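Single-structure report; data block below.
Laboratory data are not the source of any read-out in this text; all were calculated from the coordinates shown. Model, not experiment: these values are computed from the prediction. Here the Cβ positions follow ideal geometry from the backbone for every residue, glycine too, while neighbour counts run over all protein chains shown.
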Amino acid sequence: MKKTVPDLALFGGVPAFSQSLHVNRPNLGSREVFLQCIGEMLDRRWFTNDGPLAVELETALAEYLGVKHCVLTCNGTMALQLVCRGLDLQGEIIVPAFTFIATAHAPSWQGLKPVYCDIDRETSNIDPEACEALITERTSAIIGVHLWGRPCDTERLEAIARRHSLHLLFDAAHAFACGHRGRKIGGFGDAEIFSFHATKLFHTMEGGAVTTNNDALAERIRRLRNFGFNPQGVMEGLGVNGKMSEASAAMGLANLGMIDRLLREAKTNYQIYQDGLSGIPGLNLIIYDDAEGHNHHYVVVDIDEDRVGLSRDQLLAILRAENILARDYFYPGCHRMAPYDSAVQGDASRLPVTDELASRVLVLPAGGAMSREQIKPICAIFRLAIAQSHTVRSMLSSNSGVVMDGCSSVI
Ligand code: T4K
């Protein structure tokens with residue numbers, strides 16, 4: 001256990017971990033089910049194109065999420081592109097900038113213009129009032145992101161969308177198995193999209209899905225996903241290859257069967273962090289509402305530099321030197337990244353809450369691969385660095401040889 005500031009690896013101490021700890025290393029559900037599905041797939045020699053494993057997974061997911069249709073895709077980005085096409089969106093769409101770049105790239109790839117909206121300070125989700133103020137005659141849709149799995153204010157957004165005759169989509173990439181007002185995320189708005197990337201709580205290695213209660217939209221997306229062919233094999237128009245492979249679906253079935261265990265493990269790890277980080281002034285673990293139902297997949301801390309005595313980036317550098325590969329998601333916000341940054345240069349203060357949170361938030365290593373024995377030392381390093389913040393600061397300013405590894409923002 002590290003006791004003094006010179007024990008920190010950033011100042012020459014031995015790193016706390018000999019192997020890197022990652023944010024959200026992939027979960028492994030049932031190895032047995034996975035291998036059995038792969039064996040059957042090999043015997044069948046049926047590897048893709050709506051194979052039996054993908055069909056089984058679509059049915060099981062629709063049931064689990066309580067939604068009429070689940071259309072599997074090769075990733076979450078493709079799922080969002082397919083929805084934009086499926087709804088024939090044109091012109092501008094309103095999106096938050098405090099999200100993974102794919103939320104903006106997917107509609108942009110479809111020729112739409114993202115108009116960035118600020119977020120609510122409490123929830124980190126799109127601010128409905130700010131959203132309504134951005135609507136013009138060019139707007140065709142609003143995309144809410146259930147960031148870290150915390151639900152958007154779906155009721156207010158639905159009311160706004162109705163008032164202005166807009167489509168409403170949700171990027172639910174983080175929100176698998178999360179709930180809102182007694183319903184699982186998946187059936188809100190016109191459609192929701194999920195990412196089943198390897199780093200998500202429920203994953204298919206690579207993959208994603210569109211979920212919707214709209215029969216016609218689901219059918220349209222199925223055709224678009226298969227090059228534009230209809231079920232009779234007749235070409236109807238422009239399409240793309242957005243299908244999920246059978247190997248990915250096998251991983252999905254192996255994980256879905258163990259979903260309760262995966263959720264339990266994530267919650268346990270979150271609670272170990274909660275205990276270990278409690279009572280540190282200025283360091284706040286973001287809270288999940290158990291009454292809504294949550295997956296506890298992202299362990300996110302908000303750092304108030306004035307009270308902590310160190311910036312988010314200084315803490316990030318301390319952790320990374322210990323091989324704790326925390327991330328500064330989603331710094332600096334999509335609006336400040338290429339190709340969108342040139343448009344906001346003259347108007348940099350339009351997203352003040354986004355800019356502030358993007359410089360304060362840190363995502364910690366989590367997921368089922370983490371153990372109590374790993375989480376406790378991480379919390380202890382936070383406590384040591386913050387308790388000794390004056391010493392850390394003065395050592396940082398006097399030691400020009402210190403490398404602030406992995407910080408994307410300016411220290
Ligand atoms: N909307 C939102 C809100 C999203 O967060 C995402 C994806 C999407 C849409 C788009 O969905 P997809 O098209 O990706 O399905 C990662 C993921 O690639 C991305 O899926 C995810 N969000 C985003 C938040 O994180 P990176 O580049 O920041 O992290 P990456 O892929 O390096 O993985 C994180 C850590 O996990 C690594 O440090 C190492 C570890 N890792 C990763 C992989 C792939 C493993 O241990 N094993 C692995 O197999 O983007």
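Label Gln271 and Leu238 with points 7 Å out from Cα along Cα→Cβ: what is the distance between them in nm?
5.2 nm
Can you put Met1, Met395, Met41 in order, fewest other beta carbons within 10 Å first?
The order, fewest Cβ neighbours first, is Met1, Met395, Met41.
Measuring from label point to label point, each 7 Å out along Cα→Cβ, what is the Ser394 to Asn213 span in nm?
6.3 nm
Subtract the Cα-Cα distance of Arg264 and Leu42 from 0.36 nm times their separation in residues, and report this length gain in nm to one decimal.
Extra length available between Arg264 and Leu42 comes to 76.6 nm.
Which whole-number percentage describes the relative contact order of the chain, with Cα contacts under 8 Å and a sequence gap of 6 or more?
Worked out over the chain, it gives 23 percent.
Computed FRET efficiency, Cβ-Cβ of Ala60 and Arg383, R0 45 Å: what is it to the nearest 0.05?
The calculated FRET efficiency here is 0.55.
With point charges of +1 on the Cβ of Lys and Arg and -1 on the Cβ of Asp and Glu, referenced to the Cα centre of the stretch 1-97, which listed residue (Ser18, Val83, Phe34) lies farthest in the positive direction of the dipole?
Value: Ser18.
Once you have the alpha carbon radius of gyration of the chain, what is it after dividing by 2.2 N^0.38 Å, with N set to its residue count?
The reported ratio for this selection is 1.02.
Evaluate the charge dipole of the stretch 9-75 about its Cα centre and quote only its size in Debye, nearest 20, assuming +1 on the Cβ of each Lys and Arg and -1 on the Cβ of each Asp and Glu.
That gives a dipole near 260 debye.
Pick out, from Pro231, Ile280, Tyr298, the residue whose Cα sits farthest towards the positive end of the charge dipole of the stretch 224-299, with +1 on the Cβ of Lys and Arg and -1 on the Cβ of Asp and Glu.
It is Pro231.
So how far, in whole Å, is the C-alpha centre of the stretch 276-314 from the one of the stretch 32-56?
41 Å
How large is the charge dipole for the stretch 1-142, taken about the Cα centre, if only the Cβ atoms of Lys, Arg (+1) and Asp, Glu (-1) carry charge, to the nearest 20 debye?
640 debye
Once you charge only the Cβ atoms, +1 for Lys and Arg and -1 for Asp and Glu, what is the size of the charge dipole of the stretch 204-289 about its Cα centre, to the nearest 20 debye?
With only Lys, Arg, Asp and Glu charged at Cβ, the dipole is about 180 debye.
Calculated from DSSP H runs of 4 or more alone, at -39500 (n - 2.57) each and per residue, what is the 222 nm mean residue ellipticity of the chain, nearest 500?
-11000 deg cm²/dmol
Of Val71, Gly144, Gly252, which is farthest towards the positive pole of the chain's charge dipole, taken about the Cα centre with +1 and -1 on the beta-carbons of Lys, Arg and Asp, Glu respectively?
Gly252
Using DSSP, restrict attention to beta bridges with both residues in the chain and report what percent are antiparallel, rounded to the nearest 5.
Expressed as a percentage, antiparallel bridges in the chain total about 55.
If you stretched the chain out fully between Arg25 and Ala291, how much longer would it get, using 0.36 nm times the residue separation minus the C-alpha to C-alpha distance?
93.1 nm
Provide Asp171, Asp7, Asp260 in ascending order of the number of other Cβ atoms located within 10 Å of each residue's Cβ, fewest first.
Fewest-to-most ranking of Asp171, Asp7, Asp260: Asp260, Asp7, Asp171.
So if I take the alpha carbon set of the stretch 1-160, get Rg, then get Rh from the Kirkwood formula, what is the Rg over Rh ratio?
1.11
With r as the distance between the Cβ atoms of Met337 and Thr123 and R0 = 22 Å, compute the FRET efficiency 1/(1 + (r/R0)^6) and round to 0.05.
0.45
Hey, what did the stretch 37-131 get for relative contact order, percent, Cα under 8 Å, at least 6 apart?
19 percent
Which ordering of Leu72, Leu362 is given by a fewest-first count of other beta-carbon atoms within 10 Å?
Ascending Cβ contact count within 10 Å gives the list Leu362, Leu72.
Which lysines, on any chain, are close to Lys2 with Cα under 23 Å apart, when same-chain ones fewer than 8 places away are left out?
Leaving aside lysines fewer than 8 places away in the same chain, those within reach of Lys2 are Lys376.
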